[in-house]
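Trainee: Mind having a look at this structure? Questions to follow.
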Ligand SMILES: [Zn+2]
């Protein structure tokens, strides 16, 4: 295991699955590191709601 981050959280970006822009940033528990986050969010580049998937920095 790599060194534990502050308070067991890590920053992740949410990347639009269509245009690949990183529109959102969030953080999640490192304990959930094996789970990939994916949210339906509005993308201003696609001008619609698209799937946004987690990307590490
Ligand atoms: Zn997009």
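The values are calculated or read from the model by the stated rules, or taken from the named source; none is laboratory data. Just so you know, these numbers come straight off a predicted model, no measurement behind them. Every residue, glycine as well, gets a Cβ built from its backbone with ideal geometry; the counts of neighbours run over all protein chains shown.
Trainee: Which residues, counting only those in region 1-35, are within 16 Å of the ligand (Cβ to nearest atom) and at pLDDT below 90?
Mentor: none
Trainee: Within the bounds of region 41-49, is there any residue that is surrounded by 11 or more Cβ atoms within 10 Å (Cβ to Cβ), within 13 Å of the chain's Cα centre (by Cα), at pLDDT 90 or above and within 16 Å of the ligand (Cβ to nearest atom)?
Mentor: yes
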